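Trainee: Here it is, the structure, as C-alpha cells.
Rule-based calculations on the coordinates, nothing more; no lab input. Owing to the predicted nature of the structure, the values given are computational and were not obtained by experimental measurement. As a convention, Cβ positions derive from the backbone with ideal geometry for all residues, glycine included, and neighbour counts pool all protein chains shown.
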Amino acid sequence: MTHATAAAATGGGRPPASAAETLDPSLDTFPKLVVENARRFGGKVAVREKNLGIWQAYTWSQYLADARVIALGLASLGFARGDKTAIVGDNRPALYWTMLATQALGGVAVPLYQDSIEREMQFIVDHAEARFAVVEDQEQVDKLLHVRAQCPRLEYIIYDDPRGLRHYRNDCLLSLTELKARGEAFDRQHPGHVERELAAGRADDVAIFCYTSGTTGQPKGTMLTHRNLILTARNAAALEGLRPDDEVMAYLPVAWVGDHLFSYAQSVVVGFAINCPESQATVLQDLREIGPTYFFAPPRIWENLLTSVLIRVEDAWAPKRAMVRSLLEVARRIEQARLAHRTPRLRDRLLAPLGGLLVCGPLRDNLGMRRIRVAYTAGEAIGPELLEFYRSLGVNVKQVYGMTESSALIAIQRDGDVKRDTVGTPLPGVEIRIAESGEVLFRGPGMFRGYYKNDAATGQTIENGWVHTGDAGVLDRDGHLKIIDRARDVGRLSGGTLFAPKYLENKLKFSPFIKEAVCVGDGRPFVVALLNIDLAAVGNWAERRNLAYTSYTDLAQKPEVYELVREAVGRVNAGLAEDGELAGAQIRKFLLLHKELDADDQEITRTRKVRRGFIAQKYAALIEGLYSGVAHVNVEAQVTYEDGRVGTVRADVRIADMVVAGA
Amino acid sequence: MREPVHRAPLLEVDGISVRFGAVQALEGVSLTIGRGEIAAIIGPNGAGKTTLLNVISGFYHPSEGHIRFDGKDRTHLKPFEVAALGIARTFQNVALFKGMSVLDNIMTGRLLKMRGSFLLEGLYWGPAKRQELEHRAFVERIIDFLEIQAIRKTSAGRLPYGLQKRVELARALAAEPTFLLLDEPMAGMNLEEKEDMCRFILGVNDEFGTTIALIEHDMSVVMDISEHVIALDYGRKIADGTPDEVRANSAVIDAYLGVAHA
C-alpha cells in the first residue's frame, strides 16, 4: 500500500480505481475528516434528531464543536491514548459525537447493543478494558452499576439523559453536561490539547472494537482501523455516487458494524446527514417524514414492512384488494423480466403506468421510500421473493454482502446488474476466492486487524492474508458471488440430498404469517421446520375470522393457524419441487413454537441470526418429536426477562405433517 | 418499598360523611396526605374509595366534615375551582375524547393555563401564537416523559386500553398539578403495562415532586410504590399507616378475606 498518493478522500469525488487503497495522510482518521467537513461545509446539516416532536438539526461545525468538548471532558478525567470508551444507547447524536471524541484522543470506541442484558454487557466492558462508559439513560446506567464490581477497570459512567438519575449518588457517575463543563475548564488550562492529540492520530490506529454477536461462544472484539473503515466507506460511496446532500436514517443498533459504516464512517467521509428517530417505536413515521435517499435495512425490517403492507391490503375493500393484488403482480412480472434482461409482455407494459400511479407510487410514498436512490439489504441473506417485491415497487434495493471482519462490505450488487440470487461483485480493491472446501475467502482494504486479546481466533480466521468468512458460496460466470449458507450449516440429508437450512428458512419467512423459521435435516431422513408465527399478521388474520385467542402461545396452537401456516409451507414445497436438486429437501413436518425466539434467551443473536446449535439443544425434545411420528409434544421453555430474571413457559405443541409436492 | 419520611400535610380530610339516600357511602373519614408522598387508598368493592376521591376533587360535597388543602378550607368548591388549585385526576373508566388525537387530548389538560382573547386565538396571532407554542412544548415534554411519541397523532379511541390510561395520565399532568388523584390507574392491565405504569407514577413523583393519591387493587403494586396506605371498608377508615403496618392490621385482613360475623 502506498501512502503518498493524494486522492480526493471526501465528497462524491471518484478516486481512480488504483486509489482504492490509498489515503491522504492529512485526512486519514475520522476526527481529521470531521475537521475538514467543518471547514468545507460547516453550515451544512450533519445530524438531525427528532426531539420533543421537532427535528433538531446540528451542522458539521456543531458536530465538531460538541465532539471536541466531550473529548476535553474525557481528557480532564485522565483519558490517555489507547483508552477505550464503551458506548451504549439508541442512535443519539451525543453517542456518535462520543465516538469521534474518543478517536480524537487516540482512543477506541466500543459500542454495545443497547438491549444487552447485564451478563453480556459485563463481558464486553471487562474484556475491552473500558475505563469510560458513555450511555444514553438510566436503563443503561442501572445495568452498568450492577456489573461494575466485575469490571474493575471501569472508572466513569457518563449519561446523556438525566431523567430518573437525580438521586443517584455514586462517585463514578457524571452527566454529559457536567462532562462538557469540565471539558471547557480543561480547555482553558490546556489550550490545544485536543488538536495535538487529533493530529497525532494515524490511519492504522484502531478506531473501534465491534463485538460480533457470534452464533457460537463468547463475543469477539473485532478491531477495525481508521484505514479499514475510511477506505471501505469511500470505495462504496464512490461506486454508488453518494453525495453530501444525501439523507440517511440512523436507526439500527450503533453496535452493529452496518450502522457504524453507513451512519458514521460514510456520513463523515461523504459529508451526508444522518437522521436519528425519536424512539424505536416511531421509526416508520420518522422515515416517512425524512424520506431518506440512501437507506439500509436487514431483511427482518424489509419483512416487517412487507407484512404491515400486506395486512393493510387484507383489510381493504374486496375490489380494491383485487386491484392492488393484480397490479402488484404486473409490477412483479415486469421486474422479473427486467432482472432476466427480457422484454416484458405487452399487456404488462401497458398496465405498468397504471400500476405505478395507483399502487406502486402511493405505496412507495407511504413507506417513506419515494426519494430512495440506493437501498441495501444487509446483515443476512434475504429471500429472493422479498427483494423482487421491493424492486418491483420501484425501490432500488440491492443486496450487499459483508461481515464485521470486512468493515461491513465485501460485495455489492451494481446498479443495472442485479441478480435475484447473488450478492453482486466485489467492492473495488476487494478480492474474493473460493476455497477448496467451498468457503468464501476475501482480502482487501477493509480487512480487520484481528480480534482483541484473542490471537487464537484471529489465527483461525486470517490465513495467509485471506480472511475466512465461514460462508459457503460460489462465483458464477459473471463474477457474481452467490452465498449458499453458513459453511458449517450446510449438510446433507441421510439420503444424500443437499440441505441448506438458511435457503429454506428464507423461503418460509416470505410468508407474512411466518416470522422466524429454523429448519433441521442434516444427517436426518427428511427436513422438519420449527416456526414462529408473526403475532401482528396472524393476530390480524384471526381477528377478521372472529377467532379468539388469549396469548401468543394460545394463538400459535390453534388448529386454524396450523392450517394457515400449512398453506404457506405447501407453497415453499411446491417451489422446491420445481428445483431438481432440492426437491428432496421439502419440509415434511413442522410445528409452531409456543414462544418467540428471543435474543435474551440466546436463541438468536442481537442481529437476529438463528443460533442453531443452541436451538437444537434447547428444543431437542421438539425435534425428536418431529422425527418420531407423535402428534404433539409437551414442552417447557425458559424465558429470560431483560433484567435477567428467568421464568418458565409450558405448552403442548402440536406437530403437523406435510404432503410432499411432486415435481 | 419506600422509606416513610415526615412530611408537611398537603391535604387534610376531617370527619367526612357522604350519604346517597339510604346508603352511607362515607362515615366520619379523616386522613392526612403529606406533601410529596404517594398514598394508596385500598379497600374491598363498595368501600367508598371512589366516593372519597370524588369528594376531594369536588364532584360530591360532604354532608359533614371539612377538607383543607394547602392549609385552607376547601370543603365546598366546584370541580373547576378544585382543578384551579392544582388538583388533577384520572378516572376509573377512561374518559378521553375518543375522536381527538392523543396530542389534542393532552392539550385540553392545558386549558386552565391558557389565557388570551378568543379573537387572537382564532387568528393564531401575536401572544396567542406564542402561548400556543409554549403549551405545545410543555405537552411534548410530557409525551416524551410518558414515552408515547409514536401515538401522538393517533386518535385516542383507537388505542388499546393500557395506552388510553397512559394518555389520561398525560392529560392530568398537563395541568401541572401539585396533587394528582388516580382512580385505579392499573385496572385491566397486564403485568408489563402495570410495571410501566408504576415506573411512570414513581417518575412523576420524583421528577415533578407531585403528591399522588391512588386507588389500587393490586396489593403488590400498592406495597411497591406507596409509602402511605389508607384502608376503607363500608365507608369507614379501618387502617392508616405504612404498607407494613396496614398489611399486618387485623381489620384489613378481615375485610379482604372476610370473617363470619354472627
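Trainee: Would you pull out the residues with amide H under 5 Å of residue B:239's amide H, same chain only if 5 or more places away, H placed 1.01 Å from N?
Mentor: When sequence neighbours closer than 5 places are left aside, the close amide H contacts are B:231.
Trainee: Treat each spin label as a single point 7 Å out from the Cα along the C-beta direction, and report the residue A:163 to residue A:149 distance in nm.
Mentor: Roughly 3.0 nm, to one decimal.
Trainee: A further question follows. When only alpha-carbon atoms are used, what values of Rg and Dmax, in angstrom, describe the protein assembly as shown?
Mentor: Both quantities, over Cα of the protein assembly as shown: 30.8, 101 Å.
Trainee: Same structure, new question: Find, among the trypsin sites (Lys or Arg not before Pro) in region A:315-350, those assigned to loop by DSSP (not H, G, I, E, B) with at most 13 other beta-carbon atoms within 10 angstrom.
Mentor: Qualifying residues, ordered by number: A:342, A:345.
Trainee: For residue A:190 and residue A:54 in one chain, what is 0.36 nm times their gap in residues minus the Cα-Cα distance, to one decimal in nm?
Mentor: 45.2 nm is the gain from fully extending residue A:190 to residue A:54.
Trainee: Compute the helix-to-body angle for A:138-147: its Cα long axis versus the longest principal axis of chain A, expressed 0 to 90° and rounded to tens.
Mentor: The two axes meet at around 80 degrees.
Trainee: Sort A:393, A:261, B:191 so that the residue with the fewest other Cβ atoms within 10 Å of its own Cβ comes first and the one with the most comes last. Before the final figure, lay out the partial values.
Mentor: Details: A:393 22, A:261 28, B:191 9.
Ordered by Cβ neighbours within 10 Å, fewest first: B:191, A:393, A:261.
Trainee: Return the whole-Å distance between the Cα centroid of region A:53-102 and the Cα centroid of region A:596-645.
Mentor: Centre-to-centre distance over Cα atoms comes out at 39 Å.
Trainee: Nearest 10 degrees, 0 to 90: what angle lies between the long axis of helix A:535-544 and the longest principal axis of chain A (Cα atoms)?
Mentor: 40
Trainee: Project the alpha carbons of region A:12-161 onto their principal axes and report the range along each, largest first, in whole Å.
Mentor: 50, 40, 31
Trainee: So in region A:491-657, what percent of DSSP beta bridges are antiparallel if you round to the nearest 5? List each step's numbers first, then the result.
Mentor: Numbers: 21 of 26 bridges.
Taking every DSSP beta bridge within region A:491-657, about 80 percent pair in antiparallel fashion.
Trainee: Rounded to the nearest 5, what % of DSSP beta bridges with both residues in chain B are antiparallel? Mind dumping the intermediate values first?
Mentor: Details: 21 of 38 bridges.
Restricted to chain B, the bridges split so that about 55 percent are antiparallel.
Trainee: Calculate the spin-label point distance for residue B:80 paired with residue A:657, positioning each point 7 Å from the Cα along the beta-carbon direction, and give it in nanometres.
Mentor: 7.4
Trainee: Here is a further query. Measure up A:84/A:220; B:78/B:98; B:49/B:98; B:49/B:194 against 22 Å on the Cα-Cα distance and list the ones that go over. Before the final figure, lay out each step's value.
Mentor: Values: A:84/A:220 16 Å; B:78/B:98 25 Å; B:49/B:98 27 Å; B:49/B:194 20 Å.
Flagged as over cut-off: B:78/B:98; B:49/B:98.
Trainee: Show the residues, 5+ positions off or on another chain, whose built amide H is closer than 5 Å to the amide H of residue B:10.
Mentor: Counting only residues 5 or more places away or on other chains, the set is B:33, B:34, B:35.
Trainee: Give the percent of DSSP beta bridges with both residues in the protein assembly as shown that are antiparallel, rounded to the nearest 5.
Mentor: 60
Trainee: So, one more: Over the Cα atoms of chain B, each weighted equally, I'd like the Debye log10 I(q)/I(0) at q = 0.10, 0.15, 0.17 Å⁻¹, rounded to two decimals.
Mentor: Values, matching the q order: -0.52, -1.12, -1.37.
Trainee: If you don't mind, there's one more thing I want to ask. Grab the beta carbon distance between residue A:535 and residue A:329, set R0 = 25 Å, and tell me the FRET efficiency rounded to 0.05.
Mentor: On the way: r = 28 Å, r/R0 = 1.10.
Here the calculated transfer efficiency is 0.35.
Trainee: Take the Cβ-Cβ distance between residue A:571 and residue B:133 as r, set R0 to 35 Å, and report the resulting FRET efficiency rounded to the nearest 0.05.
Mentor: Efficiency at R0 = 35 Å is approximately 0.05.
Trainee: For each of A:503, A:627, count neighbouring Cβ atoms within 10 Å of the residue's Cβ, then give the residues from fewest to most. All intermediate terms of the calculation are to be shown ahead of the outcome.
Mentor: Numbers: A:503 23, A:627 15.
So the ranking, lowest neighbour count to highest, is A:627, A:503.
Trainee: In nm, to one decimal, how far is the modelled label at residue B:253 from the one at residue A:371, with both set 7 Å along Cα→Cβ?
Mentor: Placing both labels 7 Å along Cα→Cβ, they lie 6.8 nm apart.
Trainee: Another one. Give the lysines whose C-alpha is closer than 16 Å to that of residue A:595, dropping any in the same chain fewer than 8 places away, or say none.
Mentor: Output for residue A:595: A:515, A:558, A:618.
Trainee: Here's something else I'd like to know. Starting from the Cα-Cα distance between residue A:498 and residue A:350, subtract it from 0.36 nm times their residue separation and give me the gain in nm to one decimal. Before the final figure, lay out the partial values.
Mentor: Working: separation 148, 0.36 × 148 = 53.28 nm, distance 4.22 nm.
Difference between extended and current length: 49.1 nm.
Trainee: For region A:285-316 and region B:145-179, write down the distance between their C-alpha centroids in whole Å.
Mentor: Cα centres, region A:285-316 to region B:145-179: 26 Å.
Trainee: Please express the Cα-Cα pair-distance distribution P(r) of region A:491-657 as a list of whole percents, one per 10 Å bin, running from 0 to the bin with the greatest distance.
Mentor: With a bin width of 10 Å, the distribution comes to 10, 39, 37, 12, 1.
Trainee: Follow-up. Given R₀ = 60 Å, FRET efficiency for residue A:181-residue A:321 by Cβ-Cβ distance, to 0.05?
Mentor: Calculated value: 0.50.
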